[in-house]
1. Please name all residue pairs, on different chains or six or more residues apart, with Cβ atoms under 6 Å, provided the first residue is in region 160-189 and is touching a residue at least 12 places away in the same chain (Cβ under 8 Å) and assigned to a loop (DSSP other than H, G, I, E, B) and the second residue is basic (Lys, Arg) and open to solvent by 30 Å² or more (accessible area, probe 1.4 Å).
2. With at pLDDT below 95, open to solvent by 40 Å² or more (accessible area, probe 1.4 Å) and of a type in the set (S, T, N, Q) as the only criterion, which of SER210, SER214, SER200 stands out?
3. Exactly one of (1) open to solvent by 60 Å² or more (accessible area, probe 1.4 Å); (2) out of contact with any helix residue (DSSP H, G or I) (no Cβ under 6 Å at 6 or more places or on another chain); (3) not hydrophobic (A, V, I, L, M, F, W, C) is unmet by GLY156. Its number?
4. Looking only at region 47-72, which residues are part of a helix (DSSP H, G or I) and of a type in the set (Gly, Ala, Ser)?
5. Taking the residues in region 134-149 that are modelled with pLDDT of 90 or more and open to solvent by 30 Å² or more (accessible area, probe 1.4 Å) as candidates, determine which candidate is nearest to ILE232 (Cα to Cα).
6. Limited to region 230-247, what total is found for residues that are at pLDDT 95 or above, over 13 Å from LEU172 (Cβ atoms) and open to solvent by 50 Å² or more (accessible area, probe 1.4 Å)?
7. Can you confirm whether ARG75 is open to solvent by 50 Å² or more (accessible area, probe 1.4 Å) and either at positive phi or part of a strand (DSSP E or B) (or both)?
8. Say we look at region 135-159 and pick out the residues that are charged (D, E, K, R) and in contact (Cβ under 8 Å) with a residue 60 or more places away in the chain; which of these is nearest to ARG256 (Cα to Cα)?
Amino acid sequence: MSTSDTKRSSSSPVLPSPERSEIALSAVICTYNRYDLLPAAIESLVNQNLPADSFEVIVVDNSPDQAGAARFGQRYAGLSNLTYLVEPKPGLSNARNRGTAAARGRVVAFIDDDARACASWAEELLHAHAVFDGRAGIAGGPIVPRWTDEKPAWIGEPLLSYLTVIDLGHELRELSAGEWLAGCNISFDRVSLIAAGGFSMRLGRMGSGSTLLSNEEIEASERVRAMGKLAIYTPKAVVEHVILPERLTPSWFRRRAAWQAVSDLLSEPELAPDLAAIALQRLSQRSDGAPLFGTLRSAAGAQAL
């Protein structure tokens, strides 16, 4: 294992130097003060059904206590295919770009630090990239909830997308227009992702989660697709997402929905009039008992507050 930090300013990733040997897949976890959950995420990646020399695990630690982060990373010193990076510049998009720049894999894949990949996850992602004859630029699979507390009855199917729960069926297929993959379970052809500019620094979580900006993986995916690449759903590449109790409250969902609207405006400012009209309609319906929340990435391309 290697552990390092950096004083440079990361933005868009760049292609690594040609002398670095390429491998099949790089699995990246970006983390911020999640040392209670991070070990299970790392363990799920280390135990993939692939030869250790064909893939690598890269952890990008954005925690403010950089010395503590480096000490934590030392526990993985015995793993030859794991690199633990301490990144001082905050922001999920920046951390993902740092991981992408460090990656040697032809495919670079991401899970969250509160997620757990099934043992065949990396294998299934590689298969999805391979079967479309080099046309696949993005591949990802289902995200199933791992409830740590009883799910409230009021959280129905339309709200699950706010908890990053994804189920697009049982078929390996190209995504249709309006369908999307989440950063908790997504992979990219690395060269295509870098050519598209990586993840936007205007989007994505920042620090401790006081802001809930998102859409960075969707916006990056759209840029990769605009290059002529396909986005593929692979149903056997399953990731579990830990749902913490603090996310099971109406106030958290309202915050999440509000920040989703901000994310949509930042990524697609031309939608501002439509978003305002939908928000006004939803708010006016509230007194009639209509749902407060809309679904994520609706066909109109907008979410309501």
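The values are calculated or read from the model by the stated rules, or taken from the named source; none is laboratory data. Remember, it's a predicted structure, so these values are computed and weren't measured experimentally. FYI the Cβ positions are ideal-geometry reconstructions off the backbone, even for glycines, and counts take in every protein chain you see. With ligands, DNA and RNA removed, areas are computed over all heavy atoms of the protein, side chains included. Shrake-Rupley method; radii C 1.70, N 1.55, O 1.52, S 1.80 Å.
1. Pairs that qualify, where the first residue is touching a residue at least 12 places away in the same chain (Cβ under 8 Å) and assigned to a loop (DSSP other than H, G, I, E, B) and the partner is basic (Lys, Arg) and open to solvent by 30 Å² or more (accessible area, probe 1.4 Å), are TRP180/ARG297.
2. SER210
3. (1)
4. The answer is ALA52, SER54, ALA67, GLY68, ALA69, ALA70.
5. ARG135
6. Residues that pass the stated criteria total 1.
7. Taking the combined requirement at face value, the residue does not satisfy it.
8. LYS151
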